[in-house]
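The values are calculated or read from the model by the stated rules, or taken from the named source; none is laboratory data. Here the structure is a predicted model, which is why all the values come from computation and not from measurement. Cβ placement follows ideal geometry from the backbone for every residue including glycine, while neighbour counts extend to all protein chains displayed.
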């Protein structure tokens, strides 16, 4: 749990300042669960510079509560929380200073979004909160007011958590091991959402031992802890903490899992290599004189339309394509017969098996399918579901290479490649990801609004 914090102070010499406004948002990594916002009477004059910057005047804070009147609320809302802020050491110092005046020792772990922004979003011209938000397309209202800056910090922190593939921000957090086995499982499963995303299992040394994806995180993890398979038994034995990330999209969950398994190689995931061979392919056999067809093959020299790990998966997709495009079973199987196929008898074949359908019309439908599995441009975006509300996710293909993904809200402008790069979460392209993207393009072909092309 995090306490996103921003403080405005009177100004003056270090050690002599006092708080004039405070905003704290309790944040569970996904959404705000509590908040506290208040002006504070500092019982002293506010520097002219601060009044001009914040528009908080001496008159405004005159009737505000003094710090000792809100101290209990601050302790309560930050309990069991890590403090998060932009240049958070200033805010933390101010809180410690005010509590010391009351004779109370206020100690918290903290995360500075300034420091992590430099690490996870390198190359920006400035890392001040205002300039950073401008570069990332984060809208800031009430700049230099505690609530406005804290809300901007929440949006920034969400982005940093998304970009943190190596979990450098959250690596020191986790659930403690309960003493009794039954309570252990209950404690570990607490708070898992019934949402699509990724989940991570850690051992007692905070080593990542398993990464999973699911359309329902809570349900999938629960299955692990109720299953009697050998792998589940080992995971139950060694798991000491569980983390998760909602993705909003099953497709994005699959991409993230593939990438993070490659990067981390958890001991209980099947070993994944960057360019693992996919032996089975769906191949387009073009015919100049007759009917073209699609065929499942293995390790051919020609480029496959789609590639698969197993023959069964290839058959499943081929059957779907035949159905979706009204292809002839007989022609597509390469069988020559004077009789019609079964699909013709139920009006799902237009008569290619009896040579009733013009060859060019039939072949065009197959070519239309093949075209849908190819990148529509050298540089484009694919849009997908977000995690909640007005949020959307996107995948960037630039110069015919997959670059990564990101999240944006409807009001953000994402048609600029520069801004897209700022909020992009990079993922290395692999053969599996390319195959996944091609199939996804086919699946969303009925919704052209999910693809945004960029001019060359």
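Here are a few things to note about the model shown:
- Residue under evaluation residue 115, criteria (1) touching a strand residue (DSSP E or B) at 6+ places or on another chain (Cβ under 7 Å); (2) in a helix (DSSP H, G or I), criterion not met: (1)
- The selection criterion, being within 39 Å of the chain's Cα centre (by Cα), closer than 30 Å to residue 420 by Cα and surrounded by fewer than 17 Cβ atoms within 10 Å (Cβ to Cβ), holds for residue 128.
- Criterion: out of contact with any helix residue (DSSP H, G or I) (no Cβ under 8 Å at 6 or more places or on another chain), buried (at least 19 other Cβ atoms within 10 Å of the Cβ) and outside the structural domain of residue 308 (by TED's automatic domain parsing) - qualifying residue of 438, 403, 415: 403
- Test for residue 444: is it touching a helix residue (DSSP H, G or I) at 6+ places or on another chain (Cβ under 8 Å) and at pLDDT 90 or above: no
- Residue in segment 309-330 that is in contact with a strand residue (DSSP E or B) (Cβ under 7 Å, 6 or more places away or on another chain), at pLDDT below 85 and surrounded by 15 or more Cβ atoms within 10 Å (Cβ to Cβ) present: no
- Condition check for residue 289: surrounded by fewer than 20 Cβ atoms within 10 Å (Cβ to Cβ), outside the structural domain of residue 405 (by TED's automatic domain parsing), more than 42 Å from the chain's Cα centre (by Cα) and part of a loop (DSSP other than H, G, I, E, B): yes
- Residue check, residue 106 part of a loop (DSSP other than H, G, I, E, B), out of contact with any strand residue (DSSP E or B) (no Cβ under 7 Å at 6 or more places or on another chain) and over 24 Å from residue 425 (Cα atoms): yes
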